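A quick write-up on the structure given underneath.
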Amino acid sequence: GTGGGNLCLSNEGLFKQWVSDIRNYFDDHPEQRFYPIVPSDGLKKICECTKCQSQIKREMGEDGKFSDYYWGFVNRVAQEIYISHPDKYIGGAAYEHYKSPPSIMLNTNVAVMIAKWRLYYNDPEYHKKMDRLIERWGQKTKNIYVWEYYLNTWGVLRGLPVFFPHVISNDLNFLKKYSKGEFIEAESWQGKEKPQMKFYGMTHLNLYLTGKLYWNANANVDEILGEYYKLFYGPAAEEMQSFWSLAEKTWMKNLNITGKGFSGFLRNKELKDGLYDKESLSRLNELLQKASKKTQEGSIYHKRIELIYSEMIGG
């Protein structure tokens with residue numbers, strides 16, 4: 001989205017309508033706990049009336065110039081809803097130009113979903129920036145949730161084994177203090193007749209490991225992976241462990257091009273070529289071929305390896 005058609009959050013009638021609609025919704029759906037108030041995706045500008053424009057705080061930087069404006073409105077609605085529905089929450093998104101915390105404290109019934117890319121924690125500066133952002137939000141609210149993106153097949157990285165198991169483990173351990181839960185936007189669900197995940201050869205392992213660590217963030221990642229390699233690849237466990245270990249090592253290389261991997265992930269050929277050089281790709285390909293030969297043709301182990309191989313050469 002381009003953020004078009006944004007509402008005038010200074011309009012008193014709009015405020016009253018939101019409150020009325022949300023109250024009616026919770027009355028009709030007592031089983032629901034949250035109601036979202038989130039602008040259009042890609043909010044680039046806000047209402048141009050004097051009252052709205054006066055609330056822009058450019059001194060808070062690009063990540064926070066709309067924060068007081070947007071979160072001030074969310075908070076005001078939440079205060080009204082608390083009067084009639086004290087056990088319900090108003091949800092907001094820390095995203096785009098309202099990603100940084102506002103200057104105000106938030107009411108206890110405001111829930112904040114922070115958008116971030118664990119995928120790009122191979123960039124140490126971005127990783128540090130996101131940890132600091134979450135710590136700052138932790139000073140404003142106890143109701144933090146996370147919107148994650150595991151979207152490594154949407155651009156130039158399609159067909160490449162992007163694997164970051166120890167990042168997942170470390171981040172979930174860090175988030176235990178702050179996050180009440182998370183949602184992962186993962187790959188493609190497109191297709192009118194049969195919506196489905198795609199590229200699951202390349203994407204399943206990060207998701208599997210994340211799911212396992214949701215149950216116990218303290219679990220030993222290498223033990224989980226050791227069990228996975230043995231049960232998922234059978235006689236080719238050793239070769240596939242080497243494959244995914246090399247994939248992780250390849251992805252976690254620090255190229256000292258801070259921010260580029262995150263901001264331009266769909267098009268950044270420099271990132272792709274810098275990480276996945278010919279030597280790494282050749283070795284990854286060699287390990288897959290060795291693994292395939294270790295399994296009996298037609299077996300489930302063989303099919304799993306061939307799926308991963310087909311996605312690599314087809315990407």
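The values are calculated or read from the model by the stated rules, or taken from the named source; none is laboratory data. Given the structure is predicted, the values throughout are model-derived calculations rather than measurements. Note: ideal-geometry Cβ built from the backbone for every residue, glycine included; neighbour counts use all protein chains shown. Only protein heavy atoms, including side chains, enter the accessible area calculation; ligands, DNA and RNA are left aside. Shrake-Rupley method; radii C 1.70, N 1.55, O 1.52, S 1.80 Å.
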Legend entry - Surface accessible to a 1.4 Å probe, TRP154 within the full protein complex, Å²: 100
Inset, instruction - Specify the inter-centroid distance of the stretch 36-84 and the stretch 205-236, based on alpha-carbon positions, in whole Å. - result: 41
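Given a Förster radius of 30 Å and the C-beta distance between ASN216 and LYS290 as r, what FRET efficiency does 1/(1 + (r/R0)^6) yield to the nearest 0.05? Working shown, then result.
On the way: r = 33 Å, r/R0 = 1.10.
Using R0 = 30 Å, I get an efficiency of 0.35.
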Legend entry - Mean separation of Cα contacts under 8 Å, 6 or more apart, over the residue count of the chain: relative contact order %: 14
Inset, instruction - Give me the lysines in straight-line cross-link reach of LYS57: C-alpha distance below 17 Å, same-chain residues under 8 apart excluded. - result: LYS44, LYS45, LYS65, LYS99
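Once fully extended, how much extra length lies between ASN24 and LYS128, figured as 0.36 nm per residue of separation less the alpha-carbon to alpha-carbon distance?
33.3 nm
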Legend entry - Residue with peak Gaussian network fluctuation, the chain [Cα springs, cutoff 10 Å], from ASN75, ASN268, ASN152: ASN268
Inset, instruction - For the chain, just the Cα atoms, rotate onto the principal axes and tell me the three extents in Å, largest first. - result: 69, 41, 40
Legend entry - Inter-site label distance for LYS51 and LYS16 at 7 Å from Cα along Cβ, in nm: 1.2
Legend entry - SER103 accessible area, assembled protein chains, probe 1.4 Å, Å²: 80
Inset, instruction - May I ask you to derive the FRET efficiency for ILE83 and LEU207 from their Cβ-Cβ distance with R0 = 51 Å, giving the value to the nearest 0.05? - result: 0.80
Inset, instruction - Give me the percent of the accessible area of the stretch 78-195 that comes from carbon and sulfur atoms, probe 1.4 Å, all protein chains in place. - result: 54
Inset, instruction - Enter the accessible area per residue of the chain (Å², integer; probe 1.4 Å; all protein chains in place). - result: 52
Legend entry - Reachable lysines from LYS272, criterion Cα separation under 21 angstrom, eight or more residues apart if same chain: LYS116, LYS198, LYS249, LYS253, LYS260
Legend entry - Spin-label pair TYR200/GLU185, simplified geometry with 7 Å Cα→Cβ offset, distance in nm: 2.2
Inset, instruction - Mind jotting down the distance between the C-alpha centroids of the stretch 274-315 and the stretch 111-140, whole Å? - result: 34
